[in-house]
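Chemist: After the structure tokens below, expect a handful of questions from me.
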Amino acid sequence: MLLRRTAGLLVAGGLAAAAFLAPTTPAVAAVSSGAIFNNPTVASQQYAIVEHLQGLIQGAAVGSTIRVAIYHFSLTRVSDDLIAAHDRGVNVRVVVDSQSRDYPAVTNLIGALGTSRANPSWVTVCTTGRACIGNLNTPIMHNKFFLFSDTSGSTNVLVQSSANLTSGNAERYWNNAVTLVGNTAVYNSYVNYHSDLAAKVKNNDYYRTTSSGNAKSYFFPRAGSSASTDTIYNMLNENVTCQGNTSVGTETGRTIIRVGMWHFSRNSIANELRDLANQKCWVEVVYTDADVDVPNILSGHSRIRLYRISGDYIVHSKYMLIEGTYAGKRDTKWVVTGSHNYSNAALRENDEALLRIQSATIHDQYRSNFWDLRAAGKLVS
């Protein structure tokens, strides 16, 4: 089966980064919605996501607020920019997992901002051995998102990424970040979630969503024990139709599902992907780590292609692309991305966020990146 390729796409990494790299001062240009990707195998593209975030931090308006929720934070180049923003009158509010407590980047931030949430700027460190919200087993605050109330001429700017702020995430891991500008309801849902993370009130069934315009946010942990309470499974099972497209998908109008995933261990998702392949969807998965059941479930099907990236460079992204029919809408393109691996911990235990976007432009940027991941991987089946 041949997959339709669209000419004129932005190339992942360098060109995509150039297209959406925010300026360093508010006077230059407004921020645009769109996706960027690092390429760990090309030195000039390794820090594309970091540089994008630095531009947004440097462009933050005096009196505005920057909010950050990040799992691992060791890049002092970013903490230095946050401190500089604070020093010029920007409110800077950072939530980090306890595993980042002793990194110089975080200790420097604490020294400059303090930890009192009674002040306009602060750092909150999540509970040791726990997440900020999740309290089941040994959860982590695994988020990687950034909120800018006013930066570089744009308001309500959300960046949802898969990348931690570490050199390893830039130089060894394939990652993604999507910027969404001006969707006030979804932006505010992240603001509220950030406040709840900072409050550290434990809730093992925190799950909530907000839908507005072309985007929908999802926040975890989500209680439950069956596929019926698995958000990704439900997206696939309840919303994907495999045939009937006329302008997107395969040459015969079949829906294409593409997954780029660091860790994949939820059998319910793998089984649903195989069931959709039985219904004539085309499925491609690039992953680095998986429980043994998942590759076994996905292998040996004529409409599933499975690739693995391992070794010096790994895929750290956590995204799914749907090109075809979703939620009854034919010939549409969707991206589901965030910090959420397809693992039980991401669903049931950790503090995590997902962002679903309907956008042909953003989908095609991710699709270009997926082709890069696929080329870097080894065909498993």
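Chemist: Out of curiosity, is Thr184 over 27 Å from His263 (Cα atoms) and not hydrophobic (A, V, I, L, M, F, W, C)?
Modeler: On the way: over 27 Å from His263 (Cα atoms): yes; not hydrophobic (A, V, I, L, M, F, W, C): yes.
Spelling it out, Thr184 is indeed over 27 Å from His263 (Cα atoms) and not hydrophobic (A, V, I, L, M, F, W, C).
Chemist: Still on this structure: Quick check on His316: is it in contact with an Asp or Glu (Cβ under 6 Å, 6 or more places away or on another chain) and under 13 Å from Met261 (Cα atoms)?
Modeler: No, not satisfied.
Chemist: Would you confirm, using the coordinates I've provided, whether Thr25 is touching a Ser or Thr at 6+ places or on another chain (Cβ under 8 Å), at pLDDT below 95 and surrounded by fewer than 21 Cβ atoms within 10 Å (Cβ to Cβ)?
Modeler: In short, yes.
Chemist: While we're on this one: Could you identify the single residue in Ser195, Ser189 that is without any contact (Cβ under 8 Å) to a residue 24 or more places away in the chain, in the same structural domain as Ile70 (by TED's automatic domain parsing) and closer than 19 Å to Phe219 by Cβ?
Modeler: Of the residues listed, the single one that is without any contact (Cβ under 8 Å) to a residue 24 or more places away in the chain, in the same structural domain as Ile70 (by TED's automatic domain parsing) and closer than 19 Å to Phe219 by Cβ is Ser195.
Chemist: Residues to consider are Ser100, Ser116, Ser44; find the one that is surrounded by 19 or more Cβ atoms within 10 Å (Cβ to Cβ) and assigned by TED's automatic domain parsing to the domain that holds Val181.
Modeler: None of the other options fit; the residue is Ser100.
Chemist: Let me ask another. If a residue must be farther than 28 Å from Val31 by Cα and either of a type in the set (Phe, Trp, Tyr) or in contact with a Phe, Trp or Tyr (Cβ under 8 Å, 6 or more places away or on another chain) (or both), how many such residues does region 107-140 contain?
Modeler: 6
Chemist: Right, something else. Let me confirm something: among Leu180, Leu197, Leu165, which residue is in contact with a Cys (Cβ under 6 Å, 6 or more places away or on another chain) and surrounded by 22 or more Cβ atoms within 10 Å (Cβ to Cβ)?
Modeler: That would be Leu197, the only listed residue that is in contact with a Cys (Cβ under 6 Å, 6 or more places away or on another chain) and surrounded by 22 or more Cβ atoms within 10 Å (Cβ to Cβ).
Chemist: So for region 46-58 (the condition being among the aliphatic types (A, V, I, L, M), out of contact with any Leu (no Cβ under 9 Å at 6 or more places or on another chain) and assigned to a loop (DSSP other than H, G, I, E, B)), does at least one residue qualify?
Modeler: no
Chemist: Can I ask one more? For Ala290, all conditions in the list (1) in contact with an Asp or Glu (Cβ under 7 Å, 6 or more places away or on another chain); (2) within 21 Å of Ala345 (Cβ to Cβ) hold save one; what is the number of the exception?
Modeler: Looking at each condition in turn, Ala290 falls short on (1).
Chemist: Test Val315 against the stated conditions and say whether it is more than 30 Å from Thr127 (Cα to Cα), surrounded by 23 or more Cβ atoms within 10 Å (Cβ to Cβ) and outside the structural domain of Ile70 (by TED's automatic domain parsing).
Modeler: Here the answer is no, as Val315 does not meet what is asked.
Chemist: Is it true that Thr337 is in a strand (DSSP E or B), touching a Phe, Trp or Tyr at 6+ places or on another chain (Cβ under 8 Å) and farther than 20 Å from Ala215 by Cα?
Modeler: When the stated conditions are applied, Thr337 does not pass them.
Chemist: Which of the following residues is of a type in the set (Ser, Thr, Tyr), part of a strand (DSSP E or B) and either touching a Pro at 6+ places or on another chain (Cβ under 6 Å) or free of Cβ contacts under 8 Å to residues at least 60 places away in the same chain (or both): Tyr287, Tyr307? Working first, answer last.
Modeler: Numbers: Tyr307 fails: either touching a Pro at 6+ places or on another chain (Cβ under 6 Å) or free of Cβ contacts under 8 Å to residues at least 60 places away in the same chain (or both).
None of the others qualify; the one that does is Tyr287.
Chemist: Let me ask something else about it. For Trp262, work out the one condition from (1) closer than 21 Å to Ala360 by Cα; (2) part of a strand (DSSP E or B); (3) not β-branched (Val, Ile, Thr) it doesn't fulfil.
Modeler: (1)
Chemist: Return yes when Ala170 is outside any strand (DSSP E or B) and crowded, with 24+ Cβ neighbours inside 10 Å and no when it is not.
Modeler: no
The values are calculated or read from the model by the stated rules, or taken from the named source; none is laboratory data. Quantities reported herein were computed from a predicted structural model and do not represent experimental measurements. When we count neighbours, we look across all protein chains shown, and the Cβ atoms used for this are built from the backbone with ideal geometry, even at glycine.
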